[in-house]
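A quick write-up on the structure given underneath.
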Amino acid sequence: MNITMIGSGYVGLVSGACFADFGHVVTCVDNDASKIDRLNKGEIPIYEPGLDELVATNVRQKRLSFTTDLASAVRGAQAVFIGVGTPSRRGDGHADLSYVYAAARTIAEALDGFTVIVNKSTVPVGTGDEVERIIREIRPDADFSVVSNPEFLREGAAIEDFKRPDRVVIGTEDPRAREVMAEIYRPLSLNQPPLHFVGRRTSELTKYAANAFLATKITFINEIADLCEKTGADVQDVARGIGLDNRIGGKFLHAGPGYGGSCFPKDTLALLKTGQDEGAPLRIVETVVAVNESRKRAMARKVIAALGGSVRGKRIALLGLAFKPNTDDMRDAPSLAIVASLAGDGASVHAYDPESMDQARPLMPEVTFHDNAYSPIEGADALVIVTEWDAFRALDLDRVKQLLKTPVIVDLRNIYRPADVRKRGFTYVSVGRK
Ligand code: UDX
């Protein structure tokens with residue numbers, strides 16, 4: 001198959017490289033010439049484990065290439081994927097679809113022969129209809145079919161998620177498009193993931209429903225964690241106790257500082273806007289968004305309380321800034337709100353993250369950045385774990401204790417065992433545990 005991928009950001013680049021690895025010939029397109037230049041030189045603009053080798057191998061084998069020339073990449077392609085960003089629109093929280101529609105217009109002009117146009121970007125219900133209308137208006141003669149095929153991969157585990165998905169949701173009622181999509185995903189048949197064929201609108205909504213449900217699960221366990229703290233229960237044990245019930249499932253029940261990242265915050269917001277517009281408000285999702293938002297500031301208050309009610313003039317060491325480990329992504333990271341609150345209350349914040357500091361620097365001008373995990377701790381009044389990188393689990397806690405001015409650890413990800421930390425003489429505050 002000849003596949004064109006429009007948008008060489010996170011979803012586009014990972015999907016393009018994986019499709020090439022399946023044996024298809026893939027052209028990744030982006031209108032950012034400097035990004036395409038870097039990709040052509042073999043530089044990967046994002047941090048994602050394994051992606052650099054995957055790209056290099058497939059470029060070498062001539063199955064993967066990069067260009068800014070969308071029109072020529074569309075000509076001759078059997079499938080054109082749209083994997084551009086759909087950020088929150090300023091002001092109203094709706095998904096901003098301008099990049100999707102701009103891609104649709106350019107595709108329309110270059111179409112030749114039957115082409116399946118596949119929306120991989122996360123888009124509100126009805127976007128496929130609008131893409132189809134735009135293309136039809138520009139090219140009434142063209143032979144094409146618009147399909148929805150949302151992406152469920154997680155940052156940090158993107159390649160594995162792409163190659164071993166729990167399911168592939170494909171929204172189309174057109175038998176010709178169905179055949180093309182089945183062929184594209186045929187290499188997955190060894191692992192037998194269900195190709196779940198549904199209507200286009202159903203597919204679009206499925207993606208939002210999945211993310212909103214997961215965000216709800218996290219928010220639920222976070223509130224249970226608060227209750228555990230008040231009642232002397234242990235949230236890890238509660239999570240395991242409920243998660244062993246197959247109807248609930250054990251994943252996404254890890255209490256922490258609230259969800260962040262490039263998807264959950266914007267997708268929950270976009271979904272609840274759609275619900276309001278359609279007269280079917282999603283009150284649970286509305287609450288989830290509000291609870292998660294307030295949780296980030298509550299985490300800063302937890303740190304302040306652990307230091308006796310004030311952080312004015314105190315030095316605080318933060319380990320982990322990215323919204324989760326194994327990524328350099330700072331989008332909607334809980335660390336942003338935590339840093340703002342602590343610095344706003346007069347603390348001097350010193351931080352280290354293994355991958356995200358280049359992204360974090362411009363977002364947190366008040367923070368002093370360090371190039372290793374130990375130096376922010378030196379002379380600090382407390383150590384706060386914000387992101388659960390494996391490297392932080394392996395810290396030498398005796399050394400940490402020597403470096404800290406006062407032996408206080410606030411662990412917002414529950415990466416240590418309370419007994420281990422306390423026996424070393426730390427005051428240890430975690431989430432939802434005694
Ligand atoms: C998510 C979805 O998992 C993925 O299917 C979708 O395509 C994009 O959004 P991602 O944003 O990469 O992926 O990260 P994910 O691992 O899902 O974590 C999202 C946030 O939830 C992170 O801030 C993480 O720390 C938090 N989280 C996750 C918890 O606080 N507790 C959990 O148990 C799980």
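Distance from the alpha carbon centroid of segment 205-256 to that of segment 56-115 works out to 37 angstrom.
Going down the list K120/K217; K302/K324; K207/K434, which pairs span over 31 Å between their C-alpha atoms? Result: K207/K434 exceed 31 Å.
Shape descriptor for the chain: Rg over Rh equals 1.01 (Cα atoms; Rh from the Kirkwood inverse mean 1/r).
When the chain is described by a simple charge dipole with +1 on each Lys and Arg Cβ and -1 on each Asp and Glu Cβ, the residue from I3, G128, M299 located farthest towards its positive end is M299. For the chain, the relative contact order works out to 12 percent when only alpha carbon pairs closer than 8 Å and six or more residues apart are counted. According to the Kirkwood relation over distinct C-alpha pairs, the hydrodynamic radius of segment 181-249 is 15.2 Å. Volume per residue for segment 107-157 equals 87 cubic angstrom (convex hull of Cα atoms).
For the chain, with a Gaussian network of springs between Cα atoms less than 10 Å apart, report the residue from T368, T327, T172 with the top mean-square fluctuation. Sorting by GNM fluctuation, first place goes to T368. Fully extending the segment from A394 to A305 would add 29.4 nm, taking 0.36 nm per residue of separation and subtracting the current Cα-Cα distance.
Seen from a random direction on average, the alpha-carbon convex hull of segment 2-197 projects onto 10.7 square nanometres. Please work out the C-alpha center-to-center distance from segment 137-200 to segment 381-431 and express it in whole Å. Their Cα centres are 44 Å away from one another.
Where is the GNM fluctuation largest for the chain (alpha-carbon springs, 10 angstrom cutoff): K35, K273, K423? Maximum fluctuation in the GNM of the chain, among the listed residues, is at K423.
Full extension from E286 to I138: what is 0.36 nm times the residue separation minus their Cα-Cα distance, to one decimal in nm? All intermediate terms of the calculation are to be shown ahead of the outcome.
Working: separation 148, 0.36 × 148 = 53.28 nm, distance 3.83 nm.
Difference between extended and current length: 49.4 nm.
When you work out D = kT/(6 pi eta Rh) for segment 264-429 at 20 °C and 1.002 mPa s, using the Kirkwood radius from C-alpha pairs as Rh and the Stokes-Einstein form, the result is 129 µm²/s. Taking V168, V238, V26 as the candidate residues, the one with maximal mean-square fluctuation in a Gaussian network model of the chain, Cα springs under 10 Å, is V238.
Across segment 118-248, Cα-Cα pairs farther apart than 18 Å form 65% of the total. Each Lys or Arg adds one and each Asp or Glu subtracts one; over the other residues with Cβ under 15 Å from the Cβ of S34, this totals -1.
No value in this document is a laboratory result; all are computed from the given coordinates. The structure displayed is predicted, hence computed values, not measured ones. We place every Cβ from the backbone using ideal geometry, glycine too, and count neighbours over all the protein chains shown.
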